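What follows is a set of notes on a single structure, which appears directly below.
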Amino acid sequence: MMIGMHYEKVRAILEDIHFLRATSLSQNQDVLITIAIHRGTGRFEVIEGSAAVCHGFIKNVDSIEMSDITPLSDENTITLEGEEFYKGMRLNGFCHLGVFKGVKEIRHDGKKGKVKWIYNWITFLDSMTHFEELETDAKQLALPTNVRKIVIDPILHYEMLEAKLKEKPDNEDAEILYNVEICPYLRIIQAGGVELHDKRNRVVNRRRPKEPVIEIHKFIPFWTDEEFSLDNAS
């Protein structure tokens, strides 16, 4: 809106992004989110009500050079299907539903896989972060605290999409998938025209349900002619 162009035609780089707190969403209550961008420095703030939720810097550029990530070897690796992967994520405290279950397949070490493209940038970027959770072998519930840089090149992304649509079979219901590559040394996650650089998390405590206890109360008279086993008597 500030530069008078559609957002899917603007190459953008976001840097030094900090998430200050989580925002709770309710079905019966509206959440008012305000976004403020300083024209001179590109600093932005995401505000809920009167409290800041996130801040960082954003700028639009004429061209973007994507990182050259060398694919890691597939030897001695196992590929997990999406449902199997999200089952494991659920056991670790992460609950993804519907369109937010965007991972189609993922290597067991989290360094390679495929994500679904459903023409939704939010779910696409969110699905890319799921690789980072497995890549760090996360066994605890963690929330993002900051990201060093996010690179978004929608023009390149849609050029890749056009090539995929030409190769797509006549079945219109066939899924559109983008390859995900991970550079564990530089902490870069790349898929299509998007790159996430150095995303950091903070481990949080989660509520664990109490273990169910089954108790049986049975009256046994002190004086009785009935015989009991040693286990029942104890």
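The values are calculated or read from the model by the stated rules, or taken from the named source; none is laboratory data. From a predicted model like this one, the values you see are computed outputs, not experimental measurements. Heads up, the Cβs are rebuilt from the backbone with ideal geometry, glycines too, and the neighbour counts pull from every protein chain shown. The accessibility values were calculated without ligands, DNA or RNA, using every heavy atom of the protein model including side chains. Shrake-Rupley method; radii C 1.70, N 1.55, O 1.52, S 1.80 Å.
Among the residues of the range 1-31, those identified as touching a strand residue (DSSP E or B) at 6+ places or on another chain (Cβ under 7 Å), among the hydrophobic types (A, V, I, L, M, F, W, C) and in a loop (DSSP other than H, G, I, E, B) are 2, 3, 10, 20, 22, 31.
Is at least one residue of the range 161-178 at pLDDT 90 or above and among the hydroxyl-bearing types (Ser, Thr, Tyr)? Within the range 161-178 (the criterion being at pLDDT 90 or above and among the hydroxyl-bearing types (Ser, Thr, Tyr)), the answer is yes, since at least one residue qualifies. Residues in the range 95-108 that are in contact with a helix residue (DSSP H, G or I) (Cβ under 7 Å, 6 or more places away or on another chain) and either of a type in the set (Phe, Trp, Tyr) or within 23 Å of residue 73 (Cα to Cα) (or both): 100, 103, 104, 105, 106.
Please find, within the range 79-115, the residue that is modelled with the highest pLDDT out of those that are of a type in the set (A, V, I, L, M) and either in a helix (DSSP H, G or I) or surrounded by fewer than 15 Cβ atoms within 10 Å (Cβ to Cβ) (or both). Don't jump to the end; show me each part of the working.
Of the residues in the range 79-115, the ones of a type in the set (A, V, I, L, M) are 80, 89, 91, 97, 99, 103, 106, 115.
Still in the list and also either in a helix (DSSP H, G or I) or surrounded by fewer than 15 Cβ atoms within 10 Å (Cβ to Cβ) (or both): 89, 91, 97, 99.
Numbers: 89: 84, 91: 80, 97: 89, 99: 92.
Checking each candidate, the answer is 99.
Of the listed requirements (1) in a loop (DSSP other than H, G, I, E, B); (2) of a type outside the set (S, T, N, Q); (3) touching a residue at least 12 places away in the same chain (Cβ under 8 Å), residue 56 misses just one: (1). Step by step: first the residues of the range 122-133, then only those that are free of Cβ contacts under 8 Å to residues at least 60 places away in the same chain and of a type in the set (A, V, I, L, M, F, W, C), then the one that is least open to solvent (accessible area, probe 1.4 Å). Which residue is that? Applying the filter and picking the extreme gives 131. No other residue among 15, 45 is surrounded by 12 or more Cβ atoms within 10 Å (Cβ to Cβ), touching a Cys at 6+ places or on another chain (Cβ under 9 Å) and closer than 24 Å to residue 200 by Cβ apart from 45.
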